[in-house]
Amino acid sequence: MKDYFGYKDKICVVTGVSSGMGEATAKILMELGAKVYGLDMNSPKLKGFTSFIKCNLSHKKDIDEAFKIIPEKIDSFFGVAGLSGAKTDYRTTFDCNYTANMYITLKYLNKRMSKGGSIVYCTSTAGQEWKKFKREQNKVVHSKTWKEVVDNTKKLANIAPSTFAYMYSKRCLSQFACEQSVVFAKKGIRINNVMPGSTDTGMKQEFQDMVGSEEGLIAEAGLAGRLATSKEMAFPMVFLNSEMASFISGIDLAVDYDDTCLKELGLKKNLEAVSATNPIICAIAKKMLNKSANNMKALNAGKEN
Ligand SMILES: NC(=O)c1ccc[n+]([C@@H]2O[C@H](COP(=O)([O-])OP(=O)(O)OC[C@H]3O[C@@H](n4cnc5c(N)ncnc54)[C@H](O)[C@@H]3O)[C@@H](O)[C@H]2O)c1
């Protein structure tokens, strides 16, 4: 059978391999014959990595150590790891979701990938309004070092709720993908961006708590009437980085079973069209989220008594 995907013996680096979409991506790549270098801060259940490297992507030092182990020549990169911000602070969330991908791309992939290389980042439909809010993101997306990103988000990290780091980091990453795809294309390297809708992964409970119920979460999954599976997000990422997608570069692929379309047609309210950096909106959101967290605590305490 012809190998249209072309992953046989390719060096693939995948982040977030210990759960959900990253794990599913790594498994498919192994089945297609790739040499998979997996990065995660937690140990994986999946076996078959050429190398698994324990790495906290919110820490620049860990990334530098990991890239000492990864071979000099990299064929494909899958930036899948992410944090919702429900359990982590603004800084940790933003750095895992955005800063790590920016740093890996500019410091390592830039030098270690050559013609034919491919990069896919996993963002989110939560960040799909990035084009509308470019002015809010420009300073961060145009930062070239880890320190510059931290400096340019320091104020925000103090005033915004950490769940806002999710939306903002995903917007920044989508914009970064678009801008860098133009730069990397000159070297024959493709960059694309997959924006998943609601998916049944390790992150599900955190998102469910934010919207209040599983039904609420399913309502965010377009017309499917169910959540997506991890595999249904891994397949498009594997496709975009494969030889089957050799003429696809610089796209945002929403994988959300019509959810984007419904919003475009005005058939569904677009709750994502709000500023992620406006101090007044951040303060109101912080207050509302604290209130709902306290209500949840009281509810759970009541259940226990
Ligand atoms: N689940 C959804 O509904 C949904 C929707 C849109 C986008 N996404 C995005 O999909 C991607 C994959 O998430 P998932 O849904 O599979 O969740 P998941 O929680 O199942 O998997 C995330 C993985 O990332 C790892 N990780 C988290 N922070 C890390 C860090 N600082 N360093 C190293 N590893 C870290 C975790 O250990 C875990 O293995 C994320 O970028 C997420 O934002 C998820």
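The values are calculated or read from the model by the stated rules, or taken from the named source; none is laboratory data. Since we're looking at a predicted model, the values are computed, not measured. Virtual Cβ from ideal backbone geometry, glycine too; neighbours counted across all protein chains shown.
Out of curiosity, is Val140 within 16 Å of the ligand (Cβ to nearest atom) and touching a helix residue (DSSP H, G or I) at 6+ places or on another chain (Cβ under 8 Å)? No; evaluated as a whole, the condition is false for this residue. For the stretch 222-251, give me the residue count where each residue is surrounded by fewer than 19 Cβ atoms within 10 Å (Cβ to Cβ), of a type outside the set (S, T, N, Q) and outside any helix (DSSP H, G or I). Going through the stretch 222-251 one residue at a time, the tally reaches 8.
I want to confirm something. Restricting to the stretch 113-162 and keeping residues that are of a type in the set (A, V, I, L, M) and either closer than 22 Å to Phe184 by Cα or in a loop (DSSP other than H, G, I, E, B) (or both), which single residue is nearest to the chain's Cα centre (by Cα)? Among residues in the stretch 113-162 that are of a type in the set (A, V, I, L, M) and either closer than 22 Å to Phe184 by Cα or in a loop (DSSP other than H, G, I, E, B) (or both), the one nearest to the chain's Cα centre (by Cα) is Val120. Report, by residue number, each residue of the stretch 7-53 that is of a type in the set (Gly, Ala, Ser) and closer than 19 Å to Arg112 by Cβ. Answer for the stretch 7-53, where residues must be of a type in the set (Gly, Ala, Ser) and closer than 19 Å to Arg112 by Cβ: Ala34, Gly38, Ser51. Would you point out which residue out of Ala126, Ala86, Ala157 is among the hydrophobic types (A, V, I, L, M, F, W, C), touching a Lys or Arg at 6+ places or on another chain (Cβ under 9 Å) and within 14 Å of the ligand (Cβ to nearest atom)? After ruling out the rest, the residue left standing is Ala126. Within the stretch 89-123, restricting attention to residues that are polar (S, T, N, Q) and away from the ligand (no atom under 11 Å from the Cβ), the residue that is surrounded by the most Cβ atoms within 10 Å (Cβ to Cβ) is Ser118. Has the stretch 59-77 got any residue that is near the ligand (Cβ under 8 Å from one of its atoms) and buried (at least 19 other Cβ atoms within 10 Å of the Cβ)? Checked against the condition, which is being near the ligand (Cβ under 8 Å from one of its atoms) and buried (at least 19 other Cβ atoms within 10 Å of the Cβ), the stretch 59-77 yields no hits at all.
Look at the stretch 206-221: where a residue is at pLDDT 90 or above and a partner is within 11 Å of the ligand (Cβ to nearest atom) and basic (Lys, Arg), sitting 6+ places away or on another chain with Cβ atoms under 9 Å, you get Glu206/Lys87; Glu214/Lys204; Leu217/Lys204. Looking across the stretch 180-220, the residues that are closer than 19 Å to Asn97 by Cβ and in a loop (DSSP other than H, G, I, E, B) come down to Gly197, Ser198, Thr201, Gly202, Met203, Glu220.
The set of residues in the stretch 197-231 being among the acidic types (Asp, Glu) and within 11 Å of the ligand (Cβ to nearest atom) consists of Asp200, Glu206, Glu220.
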